[in-house]
Amino acid sequence: MFEVIDIAARLDNAARHAKATPQLEQPLTLEDAYRVQAASLGRRYQRGENRVGIKMGFTSRAKMAQMGIDEMIWGRLTDQMLVEDGGSIDFAAYVHPRVEPEIAFLLKAPLAGRVTPAAALAAVGGVAAALEVIDSRYENFKFSLTDVIADNSSSSGFVVGPWSDPALDLSNLGMILEIDGEARQIGSSAAILGNPIRSLVAAARLAEGAGEPLKAGDVVMAGGATAAEHLSPGNHIRLVVQALGRVEFRVRP
Ligand code: 0L1
Ligand code: MG
């Protein structure tokens, strides 16, 4: 018999101490996996972190194929996970971090439930090139769908570039992810559910379903446009998104 609270503590401790934990012994239901995620984040809130938005995961075919999974998932973002654009992360604070190129939305109004893409766009105050640092807390980055959901969908850091006018057509923007000046992933925003706005529509529905509707000021990370890349100490990561701009950070050795 598993206890939500025990698994939440195990995953929270793994993240906190950057120490991998074995994959869960027992399969969870989807519902229980999200319960574990909520309980694990509850521990962070008790330590003073604040929820600042959500991340969407497995929103591109490349990402689903990389991980052998075919459903969309989500996780919570906290203020402690935010990395300043042009700033750096400490490699030792992660288990085995990876990075993926994304688009971020900044909400200027609440957005909840089943909304149309037009309604979602009307609630957006800004869009930006963004990078997500994912770091599975499981050994060897190996997990099932429900394992990864329990582990806050591998969310561990996010970097957001300068906000741009949301009037920009996001349906097919070229995206180049560079590591140490070398292009490592080349993709398009179209890989994010055909248009990243669809990810925001899904985020509004899922967040409300969890009793935590999106509110003004929230950031929504729309999901990776390509497969993720491993990070190593000393790396300089840069994403350039056509017409939207750039975002970057370094990995401290
Ligand atoms: O697309 C995503 O952000 C999924 C993250 C969870 C899976 C992973 O760790 O790659
Ligand atoms: Mg992601």
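Mean sequence separation of contacting Cα pairs (under 8 Å, at least six apart), scaled by the length of the chain, corresponds to a relative contact order of 28 percent. Once a ≥ b ≥ c are taken as the square roots of the eigenvalues of the Cα gyration tensor of the range 71-114, is the result rounded (a/c under 1.5), prolate (a/b larger than b/c) or oblate (a/b not larger than b/c)? Prolate is the answer for the range 71-114, as a/c is 1.5 or above and a/b outweighs b/c.
Sequence-distant contacts, meaning Cα pairs under 8 Å at least 6 residues apart, place the relative contact order of the range 150-214 at 20 percent. Considering only ASN172, PHE158, GLY194, whose Cα is most displaced toward the positive end of the charge dipole of the range 149-202, charges sitting on Cβ of Lys, Arg (+1) and Asp, Glu (-1)? With unit charges placed on the Cβ atoms, the residue in question is GLY194. Residue-wise HN-Hα couplings along the range 223-237, as the Karplus relation 6.51 cos²θ - 1.76 cosθ + 1.60 with θ = phi - 60° gives them from phi, are x, x, 8, 9, 5, 7, 10, 5, 9, 10, x, x, 4, 10, 10 Hz; Gly and Pro carry x. Extents of the chain, taken as max minus min of Cα coordinates on every principal axis and listed largest first, are 51, 42, 34 Å. Per-atom-type breakdown for the range 1-94 gives carbon and sulfur 50% of the accessible area (1.4 Å probe, protein chains only). Here the chain is treated with +1 on each Lys and Arg Cβ and -1 on each Asp and Glu Cβ, and its dipole about the Cα centre works out to around 240 debye.
Rounded to the nearest 500, the 222 nm mean residue ellipticity of the chain from helices alone is -7500 deg cm²/dmol, with -39,500 (n - 2.57) taken per DSSP H run of at least 4 residues. If you count Lys pairs in the chain whose Cα atoms are under 21 Å apart, skipping same-chain pairs closer than 8 places in sequence, the total is 7. If you wrap the tightest convex hull around every Cα atom of the range 40-150 and split its volume per residue, you get 143 Å³.
3J(HN,Hα) couplings calculated from phi for the range 129-146 with the Karplus curve 6.51 cos²θ - 1.76 cosθ + 1.60 (θ = phi - 60°) are, in sequence order, 5, 8, 10, 9, 9, 9, 8, 5, 7, 8, 4, 6, 6, 10, 7, 8, 4, 6 Hz; Gly and Pro show x.
Using the 1.4 Å probe convention, the accessible area of the chain works out to 41 Å² per residue with neighbouring protein chains retained.
Counting protein heavy atoms only, the range 95-162 has 58 percent of its accessible area on carbon and sulfur, 1.4 angstrom probe.
The values are calculated or read from the model by the stated rules, or taken from the named source; none is laboratory data. For clarity, every value in this text was computed on a predicted model and none was experimentally measured. Glycine also receives a Cβ, built like all others from the backbone with ideal geometry; neighbour counts cover every protein chain displayed. Only protein heavy atoms, including side chains, enter the accessible area calculation; ligands, DNA and RNA are left aside. Shrake-Rupley method; radii C 1.70, N 1.55, O 1.52, S 1.80 Å.
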